Amino acid sequence: MSSILKITDLHIAVDGKPILKGVNLEVKQGEIHALMGPNGSGKSTLAYALAGHPKYEITGGDIEIDGASLNELDANERARLGMFLAFQYPVTIPGVRVADFLRHAVTNRRDPDRKEGENLMPMREFRQELRGRMNELGMDPEFARRYLNDGFSGGEKKRMEILQMAMLKPKFAILDETDSGLDSDAVKVVSEGLSSLAGPETGVLIITHHERLLEFNRPQFTHVMLAGRIVETGDASLAHELHANGYTTVRERHPAEAAEEQAEREETLATV
Amino acid sequence: MSTVTVNSAPSLPSGFTSDDFEVFLQSRVEPVWVTQRRRVAFELFQAKSAEELDPEEWKRIPARAFRPEKFSLTGKAAIGFDTAQLPLMQNRAEFEGAVVHVDGSATESRLTEQLAAKGVIFGDLATVLCQQADLLEPHFATKAVLPDTDRFAAWHGAFWTGGTVLFVPKGVQVDAPLYSLVALAQDGVADFSHTLVILEDGAEATLLEETASGSPDIAGLHVGAVELLVGKEARLRYVQLQNWNQKSWHFAHQCGRVEGNGSLQWTVGGLGSKLAHIHQDVHLDGRGAEAQVNGVTFAKDRQCLSYYTQQTHNAPDTRSDLLYKDVLTDESRVIWRGMIKVEPEAQKTDGYQRNDSLLLSPTSRCDAIPGLEIEADDVRCTHGATAGRVDVDQIFYAMCRGLTEHEAMHIIVQGFLQTVTDRIPVELVRETLDKAVEVKLGIGE
């Protein structure tokens, strides 16, 4: 049976300020969804809220996988259930080798009840699998011995996110502007990696400004966010249209949200 | 009643008065020159107890609650105390030689016949001083830790009890590590142990030493000294893991001297004690001598760990490289004051010192004070200190990959320590430190 990630009337506040104001979205395993929208519309907030960042407070609505609510679960518990966030800005953890980090992560994902200090998956099996995945992504095996994201280039960091996704085999993967800051070659590598590794077992939500990532990973659904809500849903052609024409027509079609967006901008400017 | 505070003590602490000293001397069976040195040290102890402790040194160290009169020397080890219960290095390996002290008295001393046949001497100080008096007389408390250094050095010089001696003759290489354990098993007992390592020219050895308390509840005092004498082209690796319980006071003078082209690799683990104040000095006395100093400290609760380190370059072409990494949590405190001294003749010196601290709680505090005193003009000396907090973004990132908050903290701490643990060549020590870090983080308790 294929799993469903269901987001119902989700309200999120950060430091008491409402950012998401009723988001509805359903992603099934194996589907590819694109999430687009102007800066500040709440795309990254949705990504962090789904992953379980403690700063993103759920003030209303529900996040569920197959009917079970994630609202009260922390990021680690959600990850073990199959939620994955590829970070826009992957974090560096000095002194922690990629292989050691991933061996912990993969063990916990596959054995969600594992407690700290209990056995990790066998080293030989893990190494073999890691090497295979790195090979598929065209990564130098030497990467496994490097410290996590320490001294990595932008492209290497993003590839590392895709590698982690491939190893963790999440049910749902959110890619938060995984293509930002990359040159077109790097976007190509990441796109191909994503398309070859995200199979029918993963539902993918791609947050992007670019079309390139979607070329290799053609979405069945494109959603547009404006002022903390999803205002339109279409197919791949909507993504194409937005990329070509920007958000002017979307704002025209949704004057209430556009006005709200404008008001928020002015408020932000006033406080700066 | 007397107390050791920054102020001078009006009288000697009970248990360490001149009457106590005479009784103590009568209990010792040792060469006349040893007794003589004790008397000299005792006079210094009397004189220095009447003087103020160096206010510059002691202003950062919260020693006011220290009551020396609550501790006393005992001639006997706790009866029936089994050191095998201590979860330390000793149970993780077989050693070709081991010396164990409990409550200041030696309870075990052994060395394989093969090593003894090569002229290696490894045993407890009180016994070896009697058996090898002539051999040790020129070295013991004459070169590295001198009783006139301060009140604690004098106190130690007068009242030292047990300790470990390692002597490796010229050109002899001891490949496997030797082991020394200093344990306290009774409440209120003072340990005045003295470690003396002598490597003759071209000799090589590794000594792993650790301290431990028999239970978390007993109060303990350590007033110790470590002397490491490394001959020309000799190589010594010395590790000391201080792992007392948190009711122990630890005061120590530790000093290594390295002759021409000799090398000293010195690893310090500062884990235990309520308050530790340690002087750790390395002197590079001969051309081409080098010293590497690695420090790992982990302070929690209300522990205070203080390290005053000094790297003294007395000869040209010498190298010193010191790296301390401190992890702090709860209300704990770590103080590190480092100094690189370069004498006028020590040209082409390469000196390095660095202290990095990682604060796991907002209420912990690290003071790192690096310093340089350079009198030669053609040298390269660098120093640095950093202090950082665990980054919430790192924790969240790791949790997004399925690690618990605790696991995330653990890997971040391990990662922080990695650059110093990479420098520790003995796997047993790395493992032991790793375990100790886990215990400190509350894993596997």
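Taken together, the values in this text are just the output of simple stated rules run on the coordinates, not laboratory data. No experiment lies behind these values; they were computed from the predicted model shown. All Cβ positions, glycine included, derive from the backbone under ideal geometry; neighbour counts span all protein chains shown.
Computed extension gain for residue B:435 through residue B:148, at 0.36 nm per residue and net of the alpha carbon distance, reaches 99.5 nm.
Computed from Cα atoms alone, the Kirkwood hydrodynamic radius reported for region B:350-445 is 15.8 Å. Magnitude of the charge dipole for region B:18-285, about its Cα centre and with charges confined to Cβ atoms of Lys, Arg (+1) and Asp, Glu (-1), is about 380 debye.
In terms of overall dimensions, the C-alpha atoms belonging to region A:129-272 reach 52, 37, 27 Å along their principal axes, ordered largest to smallest. Note that region A:24-109, at 4 °C in a medium of 1.567 mPa s, gets a Stokes-Einstein diffusion coefficient of 87 µm²/s from its Kirkwood radius over C-alpha pairs. Between the listed residues B:218, B:271, B:360, the Cα displaced farthest toward the positive end of the dipole of the protein assembly as shown, a dipole computed from Cβ unit charges relative to the Cα centre, is found at B:218. The calculated pair-distance distribution of the protein assembly as shown uses every alpha carbon pair, bins of 20 angstrom beginning at 0, and gives 16, 39, 26, 16, 3, 0 percent. Under a no-solvent Debye model with one identical scatterer per Cα of region A:1-149, what's log10 I(q)/I(0) at q = 0.15, 0.21 Å⁻¹? Ignoring solvent entirely, the Cα scatterers give -0.95, -1.34. About its Cα centre, the dipole of chain A is roughly 840 debye, where the only charges are +1 on Lys and Arg Cβ and -1 on Asp and Glu Cβ. Among A:110, B:337, the order by Cβ neighbours within 10 angstrom, fewest to most, reads A:110, B:337. Panel values: region B:111-159, Kirkwood radius from alpha carbon pairs, Stokes-Einstein at 25 °C and 0.890 mPa s, translational diffusion coefficient 196 µm²/s.
The distance linking region B:61-103 with region B:370-439 is 28 Å (Cα centroid to Cα centroid, whole angstrom).
A simple charge model with +1 on the Cβ of Lys and Arg, -1 on the Cβ of Asp and Glu and nothing else charged puts the dipole of the protein assembly as shown at about 420 debye relative to its Cα centre.
Ordered by the count of other Cβ atoms within 10 Å of each Cβ, fewest first, B:207, B:166, A:238 give A:238, B:207, B:166. Each of B:231, B:85, B:152 was scored by the projection of its Cα onto the charge dipole of region B:18-285, and the greatest displacement toward the positive side belongs to B:85; charges sit on the C-beta of Lys, Arg, Asp and Glu. What the Cα convex hull of region B:80-173 gives, in volume per residue, is 142 Å³. DSSP beta bridges confined to chain A are antiparallel in about 60 percent of cases.
Just need the Rg to Rh number for chain A, please, alpha carbons only, Kirkwood Rh. With Rh from the inverse mean 1/r over Cα pairs, Rg/Rh is 0.97.
By the count of neighbouring beta-carbon atoms within 10 Å, fewest first, A:53, B:283, B:313 end up ordered A:53, B:283, B:313. Could you tell me what % of all Cα pairs in region B:18-285 have separations over 24 Å? Every Cα pair in region B:18-285 considered, those over 24 Å come to 45 percent.
Which links in A:21/A:55; A:157/B:435; A:157/B:300; B:59/B:143; A:158/B:325; A:21/A:169 stretch past 25 Å when you go from one Cα to the other? From the list (A:21/A:55; A:157/B:435; A:157/B:300; B:59/B:143; A:158/B:325; A:21/A:169), the Cα-Cα distance tops 25 Å for A:157/B:435; A:157/B:300; B:59/B:143; A:158/B:325; A:21/A:169. Among the GluC sites (Glu not before Pro) in region B:70-147, which ones are in a DSSP loop with at most 16 other Cβ atoms within 10 Å of the Cβ? Mind listing them? Hits after loop and neighbour filter: B:94.
The distance separating the Cα centre of region A:190-263 from that of region B:220-272 comes to 63 Å.
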